[in-house]
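One structure below.
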Amino acid sequence: MVAAPVAAETGNRWVRWYRRHEKWAALAFFVGGVGYDFLTLTRIDRLLDNLVLFAYLLLLGALVVAAGRLRLGRPVPAIVARHRSLVPLAVQFLLGSLFSAYTVYYLASASLTRTAVFFVLLVFLLIANERLAGRLENPSLLMGMFCFASFSFFAFFVPVLLGAVNRWTFALSTVASATLCAAVLLGVHGFRPSATRAELGRGAAPAAGLLGLLVLLYAANWIPPVPLALRFGGIYHEVRKEGAAYHLTYARPPWYRWYARSEDPFLLRPGDRVYCFASVFAPTRMRATIYHRWQRYDERQGRWEDAGRMGYGVAGGRDGGYRGFTYKQAVAPGRWRVDVETEDGQLLGRVRFRIAKAGEEPLDLAVFVHR
């Protein structure tokens, strides 16, 4: 171990090269971290991908410890002291790799509802990371970024590992993240008798505050329930399974909506059932219960009213998602929606549609085969 300041660092040719090309080098490392994950990541439950991300997270934690000790003038390994100028660059590369991986994974689960807020925050941090190269020695910023990266990883890794998604797996994810953040904090400050409570409190405040905020976001249903993801959802006149395929019947849309594979508005005839079909991805070995919460908008009271909650079990492993459906009969025209959610009420996605009375002419029906 050596003291942090090392004057010989200025003679390192790699450091001199980096200083001459600092602007473009930072951008290249950022793009490299993002591009690598977008090209190599596959399924969220692939063990090798998750082990690589975990290794990145541990390496990032070690670099946060090194950066904190350098800033406080405490001993660090000789190799770190010699290349101290490269520590922020390595931190930026790892943050870019982790946040880009999380963006890929959370994109699949975030619906265009409140859960999109967490996804937008990930994208913001992914982009902002490129601008933070000169500030990544700030201990509070570093600790906050590491805490968010740690939480985002364990939020999907623990459910994949245990084969379940519920409040208990979220609590365990939070505890795992808090434990890792505490280990990093102790790595910076150590068990020194001279470390005051105020010093340790200042170091822990960013992580503790961020974890508390994330718990509140989860309670408010603003964090998508990864690793589950709604792959497809739609409204139909009939759902029929033939072999491994589902035949979905719906009123043929106008020519200018040739791309539509679901019915909106749903043209209601006497005696019709309204089917909601959904395909939900779940990792291998995971079993869960998915619920469809049917709701109708009450125009007079200006709010959504529950019209029933029905569930079915899903088994993970299929790339295209586990398929299932629910239906309602004796429905009224108006604005409707079906929330596809977990047993604990965490929102996977939402299918919005209107119901209108059909005319006298027969419906021109089409069939979409979901394989």
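The values are calculated or read from the model by the stated rules, or taken from the named source; none is laboratory data. Since the model is a prediction, treat every value here as computed from it, not as a measurement. Cβ: placed from backbone, ideal geometry, glycine included. Neighbour counts: every protein chain shown. The protein model used for the area step is the full one, side chains on, heavy atoms only, and it has no ligands, DNA or RNA in it. Shrake-Rupley method; radii C 1.70, N 1.55, O 1.52, S 1.80 Å.
Tabulated results
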item: Whichever residue in segment 293-318 is of a type in the set (K, R) and part of a strand (DSSP E or B) and, among such residues, is least open to solvent (accessible area, probe 1.4 Å); result: R293
item: Number of the exception - R296 against (1) in contact with a Pro (Cβ under 9 Å, 6 or more places away or on another chain); (2) at pLDDT 95 or above; result: (1)
item: Residue match in segment 354-363 (condition: charged (D, E, K, R), touching a residue at least 60 places away in the same chain (Cβ under 8 Å) and under 23 Å from Y250 (Cβ atoms)); result: yes
item: Selection count where residues are at pLDDT 75 or above, more than 17 Å from V175 (Cβ to Cβ) and open to solvent by less than 40 Å² (accessible area, probe 1.4 Å), scope segment 188-216; result: 3
item: Options F99, F119: the member that is part of a helix (DSSP H, G or I) and modelled with pLDDT of 75 or more; result: F99
item: Segment 334-344: number of residues that are under 15 Å from W304 (Cβ atoms) and modelled with pLDDT under 90; result: 0
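Residues are listed down the side, and each one gets a yes or a no for (1) at pLDDT below 80; (2) over 30 Å from P224 (Cβ atoms):
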| site | (1), (2) |
| --- | --- |
| G32 | yes, no |
| F38 | yes, no |
| D49 | no, no |
| R74 | yes, yes |
| L107 | yes, no |
| S111 | yes, no |
| N138 | yes, no |
